[in-house]
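Take a look at the structure below.
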Amino acid sequence: MNGESVREKNDHFRGYRKRGRQELRKIKRSSVRRTKDESVNEVDHVADEIVHSTGEDKISDIGSEEDNLDVEDEEGKKEKVYDALLTILKSEHPEPKRRKTQADEDNKAAAKPAGNENVNVEYEPVDEQLEIENGLLGDREDDNDDDSNENEKDDMDSEDEQDPFESHFNQVSEKYVDDLSNAFKSKSIKYKSVKASLGDDESYIYAKPFMVGEEALVESPYRSSSIYSYFLKQRLKVQNGLLDKKIDPLTCMQKKLIDPMFQYKDILYEYDSYEKDESEYRDLYALHVLNHIYKTRDRILKNNQRLQDNPDTEHLDQGFTRPKVLIVVPTREVAYRVVDKIISKSGIDQVDKKGKFYDQFRDDSLPPESKPKSFQHIFKGNTSDFFVVGLKFTRKAIKLYSNFYQSDIIICSPLGIQMILENTDKKKRQDDFLSSIELMVIDQLHSIEYQNISHIFTIFDHINKIPDQQHEADFSRIRMWYINEQAKLFRQTMVFTKYISPAANSLINGRCCNMAGRWKNHKVIGSESSSIGQLGLKVRQIFQRFDIIGNSIIEEPDYRFKFFTSVIIPSIVKSVGYEDGILVYIPDYTDFIRIRNYMKEKTTILFGDINEYSNQRQLNANRSLFQQGRLKVMLYTERLHHYRRYEIKGVKSVVFYKPPNNPEFYNETVRFIGKNAFLGNTDLNISTVRCIYSKLDGLSLERIVGTKRAAVLSHAQKEVYEFK
């Protein structure tokens with residue numbers, strides 16, 4: 001299970017370089033496809049057809065023009081039936097008016113050029129936005145290769161009632177689903193939980209939703225913590241060495257995840273190490289995703305044969321659209337690693353456009369060795385955060401860059417999919433391809449939070465909705481819980497992060513309503529392994545708590561700001577310690593703007609600021625002035641520290657406006673004082689570190705001071721605590 005992908009040994013080392021936004025908007029694409037001018041003309045042609053089309057019937061990409069004319073009447077009838085169905089559904093599920101798109105009406109305009117995609121070709125830069133639009137407007141291929149008549153008796157669907165795939169998606173009564181859906185809508189749902197240990201310093205909490213009056217019996221999700229307890233496709237067993245049950249292929253971490261993952265429960269997992277743990281959980285969810293895709297496909301093919309034998313039978317086995325898995329990752333480097341694992345575990349040798357994918361996503365450039373190890377891990381390789389890629393699976397091949405509506409898996413960055421879901425051009429907005437997602441994976445959420453966490457919430461706003469268009473759906477085979485807009489009750493969401501944050505809890509608790517329940521782990525942090533325990537610097541560290549009247553989460557920023565302006569700023573003005581070299585560390589950009597405006601308008605303090613939007617000239621100038629003591633106070637944002645990891649010189653005291661979500665940032669910032677003291681510019685006995693916090697900062701505080709200390713700091717009567 002530790003099949004870490006191996007890159008080519010002879011790849012040329014290119015060295016680390018910064019990637020500006022202009023550069024990130026350019027990627028490479030095969031010149032065999034078409035020239036840039038041809039692409040632009042073709043897109044203009046598509047737009048022109050959309051504007052001037054007046055009631056033309058939808059044209060299929062497959063078959064001759066004569067065949068298209070023969071089915072025009074049938075297509076028209078299908079669209080009328082679908083419109084009538086939508087009218088009924090909208091009346092039963094009223095919602096704000098949604099936009100309509102015409103992206104699928106002109107697929108013929110983006111005809112696929114002939115050519116062998118596997119030959120070695122040269123690449124030329126094209127617009128990334130055009131590449132993503134091609135995934136929506138691009139060619140629809142013939143699906144006949146899915147209808148293979150190969151004899152794969154050993155690899156067909158088990159349809160065993162004990163198989164979680166079967167029990168979760170096919171064995172739940174329609175009445176129970178309706179009742180549970182109504183309970184969620186009326187907010188009368190109750191969660192019952194069970195908590196147990198996973199080891200000396202780790203535990204888990206499993207919670208399952210129940211309706212009022214329903215017998216609440218919650219059992220542990222753990223069976224034998226073995227991969228052999230679950231029904232895997234034969235192809236996956238052969239490819240991944242899972243035929244001999246005497247050999248245990250799972251690591252300790254994988255044994256913790258195997259049961260909740262393969263039982264389709266929502267997961268929020270906080271892991272330890274970057275390289276090792278990330279590789280292990282990706283191994284596991286790649287196998288789970290492939291197993292789900294193969295079972296879904298084989299079930300449809302088997303039912304196709306049954307319908308041929310007996311057309312009067314009913315088989316509900318499909319959704320509105322084909323995509324079943326959505327994987328959200330922060331950068332192209334992570335996407336490359338995930339796709340590489342999926343390919344290596346799939347058991348499929350033929351991969352279309354693999355060379356193009358590697359050329360656009362793989363990059364061996366490395367950050368400077370002087371940066372922390374976590375920085376080197378996050379920012380190595382291709383750090384572009386703008387992409388969406390579809391993967392289509394057939395029995396014999398994996399097709400990369402497939403049309404989204406013909407894809408089984410969609411891998412994207414938050415920004416890339418945001419440009420489709422909330423495009424500034426309303427005509428280009430689409431979300432129909434997310435209507436039938438059954439598995440959703442969010443990988444490296446801690447990195448995504450520093451990009452724009454609102455994009456993740458946007459995805460949840462658009463997923464599992466009734467589509468605006470038909471997209472060649474066979475309504476006689478669509479499951480009823482799709483038609484009733486209840487797919488979110490079946491969707492499994494898995495979130496993996498280095499550090500659990502309030503945003504992560506909000507996603508899993510507030511945006512997920514999986515009827516199988518949710519599972520998350522909790523790590524107990526001892527005082528020795530906390531940030532303070534590993535600091536290695538004897539300096540006064542003062543933690544000051546402010547209380548929130550009424551425990552209102554919405555008003556928390558106001559109480560924090562009031563405490564800072566009434567307690568911290570006066571202490572800066574009338575400081576008994578150093579009057580300069582004061583660094584104010586601010587995690588949230590909105591808080592930074594608020595503090596900067598206050599200090600500019602209400603105080604006479606000489607201060608400067610550097611943030612993620614400062615240009616290089618401002619960054620250099622303010623850092624130099626602060627080091628020289630000409631600026632007494634420096635405002636410094638956490639997002640800038642995440643992306644640059646600056647060594648701020650001249651720091652004598654630090655004020656944390658809020659505990660950093662990443663405990664590494666606490667130590668790195670406090671050590672600015674130690675480095676200044678090493679140069680003889682400050683005295684550690686006079687320097688201080690202040691951190692203001694509330695009860696809502698428990699997660700961050702726990703990683704900084706330890707689990708037991710955090711409980712005392714949050715709930716004891718005393719409001720000021722000092723460590724040294």
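The values are calculated or read from the model by the stated rules, or taken from the named source; none is laboratory data. Bear in mind the structure is a predicted one, so any value in this text is a computation, not a measurement. Glycine also receives a Cβ, built like all others from the backbone with ideal geometry; neighbour counts cover every protein chain displayed. Note: accessible area is taken over every heavy atom of the protein model, side chains too, but ligands, DNA and RNA are not part of it. Shrake-Rupley method; radii C 1.70, N 1.55, O 1.52, S 1.80 Å.
Note that the stretch 426-520 shows a convex hull volume over its alpha carbon atoms of 111 Å³ per residue. Based on Cα contacts under 8 Å between residues 6+ apart, the stretch 288-365 shows a relative contact order of 32 percent.
Think of the stretch 501-607 as having a plus end and a minus end, set by charges on the Cβ of Lys, Arg, Asp and Glu; of Gln534, Gly517, Leu507, Gly517 sits farthest toward the positive end of this dipole. The spacing between the stretch 283-333 and the stretch 372-435, judged by their C-alpha centroids, is 19 Å. Estimated at 0.36 nm per residue, the fully extended path between Glu369 and Asn505 surpasses their Cα-Cα distance by 45.6 nm. Packing, taken as the mean count of other beta carbons within 10 Å per residue, orders the peptides 198-211, 308-321 from highest to lowest as 198-211, 308-321. Relative intensity of the stretch 226-336 on a log10 scale, I(q)/I(0) at q = 0.10, 0.15, 0.17, 0.24 Å⁻¹, equals -0.40, -0.81, -0.98, -1.46, per a Debye sum over C-alpha point scatterers of equal strength in the absence of solvent. Overall shape: prolate for the stretch 506-624, with the ratio a/c of the largest to smallest alpha carbon gyration tensor axis at 1.5 or above and a/b above b/c. Rolling a 1.4 angstrom probe over the stretch 428-491 with all protein chains present gives an accessible area of which 46% lies on carbon and sulfur atoms. Annotation for Ala216 and Val567: the two label points, set 7 Å from Cα along the Cα-Cβ direction, are 3.7 nm apart. Computed from label points 7 Å out along Cα-Cβ, the spacing between Ser344 and Lys574 is 6.3 nm. Judged by the mean number of other Cβ atoms found within 10 Å, the most tightly packed of the peptides 697-705, 460-468, 533-541, 549-557 leads the ranking 697-705, 460-468, 533-541, 549-557. Set the Cα radius of gyration of the stretch 675-724 against 2.2 N^0.38 Å, with N its number of residues, and you get 1.43.
Can you give me the Rg/Rh ratio for the stretch 626-705, using Cα atoms for both radii and the Kirkwood formula for Rh?
Reported Rg/Rh (Cα atoms, Kirkwood Rh): 0.97.
Here the accessible area is traced with a 1.4 Å probe on the protein chains. For the stretch 581-724, carbon and sulfur cover 49 percent of it. Using every pair of separate Cα atoms, the Kirkwood estimate puts the hydrodynamic radius of the stretch 337-478 at 17.2 angstrom.
Across the accessible surface of the stretch 237-343, with the other protein chains kept in place and a 1.4 Å probe, carbon and sulfur atoms take up 50 percent. The residues of the stretch 478-586 expose, per residue, 39 Å² of accessible area to a 1.4 Å probe.
Between Asn551 and Ser225, the simple label model (points 7 Å from Cα in the Cβ direction) yields a spacing of 3.4 nm. Here the Debye sum runs over all C-alpha atoms of the stretch 397-481 as equal scatterers in vacuum, and log10 of I(q)/I(0) at q = 0.16, 0.18, 0.23 Å⁻¹ comes out as -0.73, -0.91, -1.32.
Sorting Ser402, Ser173 by accessible area puts them as Ser173, Ser402; the probe is 1.4 Å, largest comes first, and only protein heavy atoms count.
Taking 0.36 nm per residue of separation and subtracting the Cα-Cα distance, full extension of the segment from Asp683 to Ser714 would add 8.1 nm. Residue ranges 636-648, 418-430 sort as 636-648, 418-430 when ordered by packing (mean number of other C-beta atoms within 10 Å per residue, highest first).
Between Ser186 and Ala621, residue separation times 0.36 nm minus the direct Cα-Cα distance comes to 151.0 nm. Placing one equal scatterer on every Cα of the stretch 309-365 and applying the Debye formula, the log10 ratio I(q)/I(0) at q = 0.17, 0.22 Å⁻¹ is -0.73, -1.00.
Of the cross-linked pairs Lys265/Lys324; Lys190/Lys708; Lys562/Lys695; Lys237/Lys345; Lys538/Lys718; Lys373/Lys498, those separated by over 21 Å at the C-alpha level are Lys190/Lys708; Lys538/Lys718. Checking the cross-link pairs Lys195/Lys246; Lys255/Lys658; Lys255/Lys341 against a 27 Å limit on the alpha carbon distance flags Lys195/Lys246; Lys255/Lys658 as lying beyond it.
Can you pick out the pairs among Lys233/Lys392; Lys295/Lys488; Lys175/Lys488; Lys276/Lys354; Lys380/Lys632 whose Cα atoms lie more than 28 Å from each other?
Working: Lys233/Lys392 18 Å; Lys295/Lys488 20 Å; Lys175/Lys488 16 Å; Lys276/Lys354 26 Å; Lys380/Lys632 36 Å.
Exceeds cut-off: Lys380/Lys632.
Annotation: per residue accessible area for the stretch 198-297 equals 39 Å², rounded to a whole number [probe 1.4 Å, protein chains only]. Cα centroid distance between the stretch 692-720 and the stretch 550-628, in Å? Here the two parts' Cα centres lie 23 Å apart. Here the calculated FRET efficiency for Asp468 and Gln129, from their Cβ-Cβ distance with R0 = 25 Å, stands at 0.70, rounded to the nearest 0.05.
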